[in-house]
1. Give the residue from 115, 50, 81 lying farthest towards the positive end of the charge dipole for region 46-139; charges sit on Cβ (+1 for Lys and Arg, -1 for Asp and Glu) and the dipole is referred to the Cα centre.
2. Under 29 Å Cα to Cα from residue 317, which lysines show up? Leave out anything in the same chain fewer than 8 places away.
3. If you place +1 on the Cβ of every Lys and Arg and -1 on the Cβ of every Asp and Glu, how big does the dipole about the Cα centre of the chain come out, in debye to the nearest 20?
4. Express the carbon and sulfur contribution to the solvent-accessible surface of the chain as a percent, rounded to the nearest whole number, probe 1.4 angstrom.
5. How large is the accessible surface per residue of region 145-200, computed with a 1.4 Å probe and reported in Å² as a whole number?
6. Among 304, 185, 243, whose Cα sits farthest toward the positive end of the charge dipole of the chain (+1 at Cβ of Lys/Arg, -1 at Cβ of Asp/Glu, about the Cα centre)?
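The values are calculated or read from the model by the stated rules, or taken from the named source; none is laboratory data. All figures in this text were calculated on a predicted structure; none of them were measured in a lab. Cβ placement follows ideal geometry from the backbone for every residue including glycine, while neighbour counts extend to all protein chains displayed. Side chains are part of the model used for accessible areas, which takes the heavy atoms of the whole protein and leaves out ligands, DNA and RNA. Shrake-Rupley method; radii C 1.70, N 1.55, O 1.52, S 1.80 Å.
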Amino acid sequence: MATSDSFIAPFAFPLYVMLKPAGAVCNLRCKYCYYLEKKNLYSRTGNYLLSDELLERFIRQYIEAQTMNEVLFTWHGGEALMRNVGFYQKAIDLQRRYGRGRRIDNVLQTNGTLLTDEWCRFFKENNFLIGISIDGPQHCHDVYRKDREGRPSFYKVMQGIALLKKYGVEFNIMGVVNDYNADYPLEFYRFFKEMECHYIQFSPIVETVNGKLAPWNVTAQKWGDFLIAIFDEWVRQDVGIYYIQYFDSTLANMVGKNPGICTLARTCGHAGVMEFNGDVYSCDHFVYPEYKLGNINTHTLVKMMYSESQLKFGTDKYDTLPRQCFECPYLSLCYGECPKNRIIQTEQGEPRLNYLCKGYYAFFDYVAPYMDFMKNELLNCRPPSNIMQAIKERRL
């Protein structure tokens, strides 16, 4: 099956908690960043670094909570490289101590600007998968991704990627789609192909500022047009060569498999997040007091992640959908997408409709015949990439 196997999906594990070793601390000031404001939750502490004691407690509990032989650790920020190599070496040593022979994988998300030879040697030696945040070619990336002094970051990110390649470190790309780069879908996509990155994720930006839609949000129509433009090239040239998470997840939903991306799954709540002080929240996008599950100093990860409130948080994704969603032919492909984006009303005045609904509908409607073909190939034990020949022969 042509799915993004190198993306390690949170739903592959019964318990998944992302770790923020430096909280919301970051060396960049990306205009659209939703996480920098989280420092305000802990502004009285003056210190945003995870202690050695909490690091050990988390690693021990996290490994003990897993029911599978494989264990995935995800390091996130802010900027995860605000901690030094020594911190992550300590984490590796603890994983080995408590892992008792289990296979342990590490994924680290970074903006790429702080990568050095030392970092890349460490990542290679310890088999880290690195996620790089980059929003396309320079004129797209530098619109919003600047440092504290307002300077563009594109060249530093590209230098970091060059170092990853130099040391043979496996990496994937995460691009944020906003009001600007959404106008350049093929340039965006081909930029990553030229970089020889075969596993690509992108995420639409939908934020509010002081209760109003942020000016950098991608519109629903642009989001749909963006997906369709890239899909058109991918389905004709790149199936089985380049793996686009949204396309793989749509196909997975069509054949009744786990989509591998929480936003397109029926339920959420499978992926929590732990802040530097041990506070655990329902989701990375819901680090607000009302979604705090507890603290690892007083509650176990298992107790928090399987609590009644967290289970309800997960099922609410489906249970609170407006009637329009239940009447939609593509409900099983998106399930209302991410709850954080359900900020508009239906034409009937019901709340909790996804801001990007019209874009997703246009995308699913467009790709339906292609996905049906690939679904049939899969069900008959043939590669979905056969679709490229079928298109050439005008069978589609």
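1. Highest projection toward the positive end goes to 50.
2. 20, 31, 38, 39, 212, 222, 257, 292, 303, 340, 358, 375
3. Numbers: 45 positive and 44 negative charges, 117 e Å.
Dipole size: approximately 560 debye.
4. On the way: 8730 of 17690 Å².
On the chain, the fraction of accessible area on carbon and sulfur atoms equals 49 percent.
5. Working: 2730 Å² over 56 residues.
Accessible area per residue, region 145-200: 49 Å².
6. Looking along the dipole axis, the top candidate is 304.
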